[in-house]
Amino acid sequence: MSTQASPASGATESAPGVPAAASDRWEKWGDRLNPLVVKEVRQGLRTRVFWVSFGLLLLACLVLSLIAYANVHGAAYSREGRAYFFSFFVCLGLVHFGVIPFNAYRSLAREREDETWSLLLLTGLGPRRILRGKVTSFLVQAALYASAVGPFLLFSYFLNGIDLPTILMVLLMGGAWLVFLTLVSVCAATLADSRMGRAFVRFALVGALVVTFFQSLTFAFVVTQDRGSGFSFDRDFFLGLGAAFWVLLSDGWLLFEAAVARLSLVTEDYTRHPRRALVVQTVLTFAGMAAVWWYLDRKNEVPGVVGLFGVLHLILTGLFTATDVDGQSRPLRAGTRPWSLFKPGAVRGFRLAVLLLMGWAAACVALLWVSESSTDNVRMGRALVALALYGVLYLSVALLLGRMPRSGRFASPVAVRLLFVMVGVMGSGLPPLLAVFLNLEGDDALLNLLNPVMGTFNFGRRDWSSPDGFVLPHWLLLCMGLVALLAAFAADRVLVERERRAHAP
């Protein structure tokens, strides 16, 4: 019997000049961090895409720097730094906002297409560590690209016309945008299972990356042109920049948790982390909004504008939370209670979505109520509550249409989401069309009562009241609230019944 130690037994050969204890220590730290990072980075550095992109990036930056040197050589004073910084940033953006996110998508999509994902799971890492390793590996590659362009970006500072705080601010937001796009691409790779679905997701992702690339360049151009000549503190600008940074950070975390949940087994508690992330995001966003509202001397535009965007965000996330599959695996049923909203199941996801929507709207209305009393605050509060009620109503209607019949043809999560979009389009488009045939005004209040677009505008507009002074908007809002409550109750009962049938032996 051979006495030679195998690699699995823990005996490793140390490198020349490196003590065995130090080599073992570094290997243990590498395995503890994530062994998949080393594998993915090595595999990525061997690809032709990396070296072609790296070489073209360096060549473009070198040519631009030579042009800059030729233009400013011998000049008494130059202010060309902003133009050349933007040119170098465009070269880096092609890689950071295009190549890196799409390669991250292709890496995970290829694992699922070639059916090698199960082999990765056999390593015992789990979906969370595997996805974290893949994302980290592509961020490491992005750091290599950035290290190559960094000296050129710093070179633009010495050409004058741009200051260091502006450069750091653009690079910080660019890094946050890179991480967000990478997480979006990884999450997109988990959405579709069929070949047609993957082709549609790939096409949509490429289109989104192209659009967001030009948006990021527009942001960099505006910031460098407006603030490049001299740094000045603008309170509103930096508050907006902080809000954008928080949205990218929190939504990126939410997308990562959603991707992990998509790749987890049905026997696991796969919804606990993404739903908890959604609740934490909502609570921290409200806390930050309240702090900014207090800092700006109770400015009522803060809870009004942020509240409307928050409701739209909760409607979008609630669409995925409420359309989970029916039922649970047997190991999870024993610990599930009516208040266990983080557990898998469409009924608990729907309840969580409704609670978050109504809780967010109520909290924002409370801030508006504490602000100075004015008709603008009342109208903004009505619009917030109306938009939240529209979200609850149309989510309930989509669930009723998809999962009330015993047939499972329209009961899948994708089908219910498509039903939600169809019902929303019909609810927004049919009332104005009927107004044309009935010779009524396009924004008629009663005709557009269930219209999510025009109805929200009507509840928040300035001159909507009855001739005799009767408070018509409040009563109509109450009636719409009762309709949304009845629809939510009916959808809840349907989901409870479907779960009961799913658990029946």
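Over the residues of the chain, the helix contribution to mean residue ellipticity at 222 nm works out to -25500 deg cm²/dmol, using -39500 (n - 2.57) for each DSSP H run of at least 4.
Full extension of the chain between PHE489 and PHE237 yields a length gain of 86.4 nm, computed as 0.36 nm times the residue separation minus the alpha carbon distance. Once the Cβ-Cβ distance of SER118 and ARG46 is raised to the sixth power relative to R0 = 25 Å, the FRET efficiency obtained is 0.55. At 1.4 Å probe size, what's the solvent-accessible area of ARG132? Round to the nearest 10 Å². Roughly 100 Å² of ARG132 is accessible to a 1.4 Å probe. Computed from the C-beta positions of PHE309 and TYR69, the FRET efficiency with R₀ = 45 Å rounds to 0.45.
The Cα-based radius of gyration and maximum Cα-Cα distance (Dmax) for region 370-439 are 17.0, 53 Å. Residues in region 91-109, backbone N under 20 Å from the label point at LYS39 (7 Å along the Cα-to-beta-carbon vector): list them, ranges by number please. 103-109, by backbone N distance to the label point. Counting only the Cα atoms, region 110-204 fills a convex hull of 122 Å³ per residue. Counting 0.36 nm for each residue step from PHE219 to ARG333 and taking away their Cα separation leaves a gain of 36.1 nm. The slack between SER340 and THR267, meaning 0.36 nm per residue of separation minus the straight C-alpha distance, is 24.6 nm.
Each listed q (0.13, 0.19 Å⁻¹) maps to a log10 I(q)/I(0) for region 336-457, found by the Debye formula over equal Cα scatterers with no solvent: -0.68, -1.08. In this structure, VAL378 and ARG110 have a Cβ-Cβ separation that, at R0 = 56 Å, corresponds to a calculated FRET efficiency of about 0.55.
The values are calculated or read from the model by the stated rules, or taken from the named source; none is laboratory data. Just so we're clear, the structure is a prediction, and the values are computed from it rather than from any experiment. Quick reminder, even Gly has a Cβ in these numbers, built from the backbone with ideal geometry, and neighbours come from all protein chains shown. To get the accessible areas, we keep the full protein, side chains included, count just its heavy atoms, and leave off ligands, DNA and RNA. Shrake-Rupley method; radii C 1.70, N 1.55, O 1.52, S 1.80 Å.
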